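Report on the following structure.
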Amino acid sequence: MRRRPSQPATPAAAARFSAPAESPRRPRLPAARAASGIIVALAATLVAGGCGGTGPETPKAPGANGPSGTVKLVTHGSFALSAEVLADFTAQTGLELQLLPSDDAGAMVNQLILTKDAPLGDAVFGIDNTFASRAIAEGVLEPYQSPQAGPEQDPHTAGLEGRLTAIDFSDVCLNADLRAIPGGADLTFDDLVKPEFEDQLVVENPATSSPGLAFLLATIAARGEDGWLEYWRALKANGLKVVSGWNEAYYDEFSGPSSAGQRPLVASYASSPPSEVPAGESAPATAAALATCFRQVEYAGVLNGAANPQGARKVIDFLLSAPVQADLPGQMWVYPVRPDTPLPDDWARWAPLAERPWSLAPSDIAANRERWLAEFNDQVLG
Amino acid sequence: MARPPATPGKPAPPGVPPDAARSPRDTPSPDAAWLPGTVRSPDAARSPDAARSPDAARSPDAAQSPLTHRLAAPTWSRQAPTRRAPSPRRSTLRPEALRPEAWQPWARRAGLAAVAAIPAAFLAIFFIWPVATLVARGFTAGGSWDWSGFGDLAGRARTWRLIGRTVGQAAATTVICAAAAVPVASLLYRRQFPGRGFLRALLTMPFALPSVVVGLAFRALLGAGGPLGFLGLEDGFWPVLAALVFFNVGLMARVVGTFWGALDPRPEQAARVLGAGPWRALATVTLPALAPALAAGGSLVFLFCATAFAPVLILGGATYTTVETEIYIQTAQLLDLRSAAVLSIVQMGVVALALWFGATARRRRERALRLTGIGLVETAVPGTGAPAEDGRGGGGMGSAGRGGGGRGGRRPGGARPALAAAPTWAVDWPSLATTALMATWIALPLVNLAYRSLRTSAGFGLGNYLALGDPSRAGLPHSLAEAAARSAVVALAAGAMALGLGLAVSVVLSRRPRARWARRLQGLFDSVLMAPLGVSAVTVGFGFLITLNRAPLNLRTSFWLIPLAQALVALPLVVRTILPPMRSVDPRLHQAASVLGAAPWRVFVSVDAALARRALAVAAAYAFAVSVGEFGATSFLARPDTTTLPVAIYKLLGRPGADNLGLALAGAVLLATMTVLVMALTETRWRLPRRPRQPPAGSLRAGLATAPTPPAPPAWSLNGRRP
């Protein structure tokens, strides 16, 4: 760059506008050249991203997906197992188990459907019986028959094409705070619309929460296609509160010993009461109303197109193994599917299963769920 | 509306020297002082009258003398040696420097087309294609088009409630912000007092804050156990409204304030002299003059509120849903693409209507003002950023107003008394009270957020912050600290992309083609570019999922998936920040540089980029802040093992217990600190040249410093005399 002596005061600035000294006569397309530089850079980044698939955040990705290294288990948001039980998996198989918690069961299934061309992981745990038919219809799952699976699977897996394996089950029931409602264990759906229970019930939004959906299905089973909407309108008129998820309903709105809210009635699990024993007492302060239960079964399966299908199968076997089954009640408050599994003592006393839970045929659920939810949205949520 | 008769019909009465009324738009031109004599030749010298006539400010071509006109003409370069105007310094130019054969018009056009092609291709591939695919999927059933979705949704009362809520929350926020912005702006942009800079920064800051942080801050404030928990406004309309006002009031005040600061104060003074009280002068003179800024800012605020996502999701509860959150529920939870597509179309309609309304109101107002002469100064105000130009105006956002052409309010000719005066309680009590209220409104949730983040189950302490590094606490495969690091990397990539694309767009849009078709094309480009603001981020994210999943663009598991979406969301803001200063660059500088032999890229680097570099820095900071806080699209695209900090915070909110809430609060403070720090660093770094230190040569400030600034009489004098 040359400076011309006769120019006024600010030479540096003037120099910026002076002609480049090199090759002044060669015609060029500098704008186009600059542009092509940008194009090349952009294309390079896209190609690097699209083909490589290894961004800065996954430096160890190559090989980590290999059949021997890691197996990825997609779970719903409330998955939990003891650390030592999880460590057993690595000890038994030599595989590292990576947990990928997603949202609630419904959102997780939808996410799996949307990403089925590039699965989130290898195996999935937490698809429940209200979403199983959708996941299978969308081709998310690969068939697998675990050698650990016994005849106890049969009542749960009819119509599932061998693509899902039942791991645990639970009853979604109304839970009552016995300190406010002493007869809470004997409540029925009919009671909830009575004036004495005004402003006492909180439930989860069935569109965003699987226990919420299960509770809605229980009312549909109890009241029938013709009566359930009328029943919910009556509940609404009686001061029903709907919140987004189970955590919010149970911990923020319910009045139980470990909760912070004011409402003594909540849609939760039959297995919730054992953990509600107040300090210094011997019996829980809450109880499940067994006439309001809907049975929820949680399944695991191998994802279609898994990077590590061998590992995924081992995960299913692992989830059915005795140590995991025994760990389930304490960690996730669900009943293990294997009948030979010992239950905690307090479960036998305070967390009985409903003898006759409400149920709906999976085909009915699959065919009508969207319509029910839309009607619920319109009429109850507003 | 009655206009005070004393309104000066002409912009500059004879007694006022040119500089007193020189608009900020002219400021780049002093740079011409150090250009070679060709441009400063008598012909080319800017005539003050031409620059101040309304047409001059509107159409740059008309402002140029015949010579500069020829300079712009593509054929000129070949004839240059023989037809140039005589100049005493002509001999200093070496003939070869002109290189008449170098820049053929077609080459220029090809270059420009190539620059335009990159952002156009980006928008086509990463915006139009995914969104169109998603919408089309909603309207096809079994291979044929199916429009019954509209009928079904129109027949549902809930749909109309959703639309009513969306419009209602946006309108309510806009009205509150507009009502608050006028008094706040009058204090922060028309008065001088210690702490003004701090207050301005405080009010502007929320705009850069991630929406998840704001949602969480208001939840901690209004929820059970919060300091305002006794109000019982835990969820529903009111907390959402509070959060939206928090977000937007500073933005509105900024748009109005920068506009107001550059407004000619004399009509109001004349009204006062003629006996109007302060309220009457405000109502009949000032407010009508501010209407364009109110309309521009208002339509912007309406737009942001109608598409608000995270605040509604976090604060609305299960029963308060808007169109935006309903799109989310329909897609993520129910997989009902048909309803989602219809709602997306509805939302685009609402947004387009708001934009159209804002643009129309402003244009009508401007026309009226031009007729009465009030608008003369305002037409040349870049301080409002884009609002003065096209109303969608992110340019006025945040500090961009100052960075962009934002010298509005600080005129080269000297400060006006209206600016210099300190506020007094007797006169300014409405402004002082409103500003105090708004400052509290903004500071309280943030202070409370920081305070609550220190509360752990084991008493006060840093426990929540220490837990940020603990992977077992986050409920994710990684700790929140890792999520924060990933957020930063992703946002850097997204910000770099948005900045590069924004630059390319601004280069193209700052040209002033004479052909009508070219201007039309520019206009179309401009609108498509702004569309990501009006399309739900959820729709964008969801569209990404269903389109970018196969060769040749299989980005499903790519690192670039999230940065691409975030760049798309940040791009409109980047362009609105860079474009106004780029547009205000005097075209004669380009011409002079070209004449001197600079290649187009060099012209860009030495002229446009140098003049707009503060805006570039601010735009980069904004791009980072927007990307790092982006929630709507990212929540769709983030996989469980590649979660960003905002998504991780939101997931934590769904988990039980005070510990998880505490961790989420600590994460929110970390996230807010990241964005505020980046913005603040940009501010301080780029404010340095303002100090008495010698500014770097060649910068805009250097141009200002060397500009001749003869002392001007105070602007409050009419015709140069004291009233």
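Taken together, the values in this text are just the output of simple stated rules run on the coordinates, not laboratory data. On a predicted model such as this, the values are computed, not experimentally measured, just so you know. Note that we place each Cβ from the backbone using ideal geometry, even for glycine, and neighbour counts take in every protein chain shown.
Could you give the dipole magnitude of the range B:437-565 about its Cα centre, charging the beta-carbon of Lys and Arg +1 and that of Asp and Glu -1, in debye to the nearest 20?
Working: 12 positive and 3 negative charges, 142 e Å.
Using only the charged Cβ atoms, the result is roughly 680 debye.
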*Just counting partner chain Cβ atoms within 10 Å, what average do the residues of peptide B:596-604 show around their Cβ?*
6
*Simple spin-label estimate for B:Ala439 and B:Arg280 in nanometres, 7 Å along Cα-Cβ*: 3.3
*Summarise the partner chain shielding of B:314-320 as one whole number: the mean count of Cβ atoms from other chains within 10 Å of each residue's Cβ.*
5
*Quick one: check the C-alpha center-to-center distance for the range A:273-320 versus the range B:169-235, whole angstrom.*
44
*What nm value, rounded to one decimal, do you get for the distance between A:Arg371 and B:Leu231 when each label is placed 7 Å out toward the C-beta?*
4.4
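Rank by packing, highest mean first: peptides B:430-442, B:153-165, A:320-332, B:294-306, with packing defined as the count of other Cβ atoms within 10 Å averaged across residues.
Result, highest mean Cβ count within 10 Å first: B:294-306, A:320-332, B:430-442, B:153-165.
Let me make sure I get this right: for the range A:214-326, a, b and c are the square roots of the gyration tensor eigenvalues over alpha carbons, sorted descending. Under 1.5 in a/c it's rounded, otherwise prolate if a/b > b/c, else oblate. Which is it?
Numbers: a/c = 2.42, a/b = 1.42, b/c = 1.71.
Oblate, since a/c reaches 1.5 and b/c is not below a/b.
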*Residue by residue, what Karplus-based ³J(HN,Hα) values in Hz, rounded to whole numbers, does the range B:260-273 have, using 6.51, -1.76 and 1.60 with θ = phi - 60° and x for Gly and Pro?*
5, x, 9, 6, 5, x, 5, x, 5, 4, 4, 4, 5, 4
*Sort the range B:558-679 into rounded, prolate or oblate with this rule: let a ≥ b ≥ c be the square roots of the eigenvalues of the Cα gyration tensor; rounded if a/c is under 1.5, and if a/c is not under 1.5, prolate when a/b is larger than b/c, oblate otherwise.*
prolate
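Averaged across B:332-339, how many Cβ atoms of other chains sit within 10 Å of each residue's Cβ atom? Intermediate results must be reported in sequence, preceding the final value.
Working: counts 8, 13, 10, 10, 3, 0, 0, 2.
Mean shielding by partner chains, rounded to a whole number: 6.
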*May I ask you to order B:515-521, B:650-656, A:192-198 by the average number of other C-beta atoms within 10 Å around their residues, highest value first?*
B:650-656, A:192-198, B:515-521
*Could you work out how far apart the two model spin labels at B:Arg363 and A:Gln92 are, taking each label as a point 7 Å from the Cα in the direction of the beta carbon, and quote it in nm?*
7.1
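If a/c stays under 1.5 just call it rounded; otherwise compare a/b with b/c (prolate if a/b is bigger, oblate if not). Do that for the range A:286-382, with a ≥ b ≥ c from the square roots of the Cα gyration tensor eigenvalues. Mind showing how you got there, number by number?
Values: a/c = 2.59, a/b = 1.17, b/c = 2.21.
Taking the square roots of the gyration eigenvalues as a ≥ b ≥ c, the range A:286-382 is oblate.
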*Could you work out the local net charge near B:Thr322, counting Lys and Arg as +1, Asp and Glu as -1, over the other residues with Cβ closer than 14 Å to its Cβ?*
0
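Quick check: net charge around B:Asn464, other residues with Cβ under 15 Å of its Cβ, Lys/Arg +1 and Asp/Glu -1? Walk me through the numbers before you get to the answer.
Working: positive: B:Arg452, B:Arg455, B:Arg473, B:Arg655; negative: B:Asp470, B:Asp659.
Local charge sum for B:Asn464: +2.
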*asked:* Whole angstrom only: what separates the Cα centroid of the range B:599-639 from the Cα centroid of the range B:322-361?
replied: 27
